[in-house]
Amino acid sequence: MEIERKFTVKCLPDHLEQYPVKHLEQAYLNTDPVIRIRREDDTYYMTYKGSGMLAREEYNLSLNRESYAHLLPKCDGNVISKKRYLIPWKHYTIELDIFAPPFAPLIIAEVEFATEKEAESFMPPAWFSEDVTCDPHYHNSFLSKVYDPAAQLRDM
């Protein structure tokens, strides 16, 4: 089960370069239900995500480089690339996603929780902005289907 909240950000935290960063590329074989493939640095996997916004089922299956390369052309829509910074905050890890073109300048912060109650009581840091957890426009599966990312970002 994945339980997470998503936020836009007012500004980037100071000294971002001090935090670990991962380079992610992901694409979608299907968006209902969500079936995604992802490259995270040199690790590859396929993910199934159930329905839901705050909490939903999530299963990961390991892939090798060859199977990822084989599946990538079969995906629909946009391939999403982003840098993910892992920022410790209190007893959480903030996953700060800075999207590459064509989705730049989109930046989303995600925080995962053990329970829905914990997620609902979470008080975000001051540099977070709007809670977009329940806005499907900020889900990567939605972004993968956007025909004109620049126009979509202007409308968000």
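The values are calculated or read from the model by the stated rules, or taken from the named source; none is laboratory data. Everything numeric in this text was worked out from a predicted model, so none of it was measured. Counting neighbours? That spans all protein chains shown, and the Cβs are built from the backbone with ideal geometry, glycine included. With ligands, DNA and RNA removed, areas are computed over all heavy atoms of the protein, side chains included. Shrake-Rupley method; radii C 1.70, N 1.55, O 1.52, S 1.80 Å.
Amide H to amide H distances under 5 Å link Gly50 with Glu57, Glu58, where only residues 5 or more positions off or on other chains count and H is placed in the peptide plane. Across the options Thr115, Phe103, Thr93, the greatest Cα extent toward the positive end of the charge dipole of the stretch 66-155 (unit charges at beta carbon of Lys, Arg, Asp, Glu) belongs to Phe103. Summing charges over neighbours of Ser81, with a neighbour being any other residue whose Cβ is under 12 Å away from its Cβ, gives +3 when K and R count +1 and D and E count -1. Of the residues Glu66, Glu40, Glu116, the one that moves most in a GNM of the chain with alpha-carbon contacts below 10 Å is Glu66.
Please give me the summed charge of the neighbours of Cys134: other residues whose Cβ is under 10 Å from its Cβ, Lys and Arg +1, Asp and Glu -1. Local net charge: 0. When the chain is treated as a GNM, springs tying every alpha-carbon pair under 10 Å, which of Pro20, Pro136, Pro102 comes out with the largest mean-square fluctuation? Its mean-square fluctuation being the largest, the pick is Pro20.
Of the candidates Ser141, Ser121, Ser67, which one comes out as most mobile in a Gaussian network treatment of the chain with C-alpha springs shorter than 10 Å? Of Ser141, Ser121, Ser67, the most mobile in the Gaussian network model is Ser121. Net length available on complete extension from Thr8 to Asn30 is 5.4 nm, with 0.36 nm assigned per residue and the Cα-Cα distance removed.
In the chain, the alpha-carbon atoms span a convex hull of 115 Å³ per residue. Taking every lysine pair in the chain that is 8 or more places apart or spans two chains, those with Cα atoms closer than 25 Å amount to 29. Using alpha-carbon pairs under 8 Å, 6+ residues apart, how would you state the relative contact order of the chain in percent? Relative contact order comes out at 30 percent. Backbone amide hydrogens, once placed in the peptide plane, bring Ile94 within less than 5 Å of Ile87, Trp89, excluding anything fewer than 5 places away on its chain. Rounded to the nearest whole Hz, the Karplus-based 3J(HN,Hα) values (6.51 cos²θ - 1.76 cosθ + 1.60, θ = phi - 60°) of the stretch 135-145 follow the sequence 9, x, 5, 9, 7, 4, 5, 5, 4, 5, 9, with x at glycine and proline.
Across the stretch 1-85, Cα pairs under 8 Å and at least six residues apart give a relative contact order of 35 percent. In this Cβ point-charge picture (+1 for Lys and Arg, -1 for Asp and Glu), the stretch 1-124 has a dipole of about 220 debye about its Cα centre.
Sorted largest first by accessible area at a 1.4 angstrom probe radius, with every protein chain in place, the residues Asp148, Asp42 fall in the order Asp42, Asp148.
Picking from Asn60, Leu71, Ser81, whose Cα lies most toward the positive end of the charge dipole for the stretch 41-97 (charges on Cβ: Lys, Arg +1; Asp, Glu -1)? Highest projection toward the positive end goes to Ser81.
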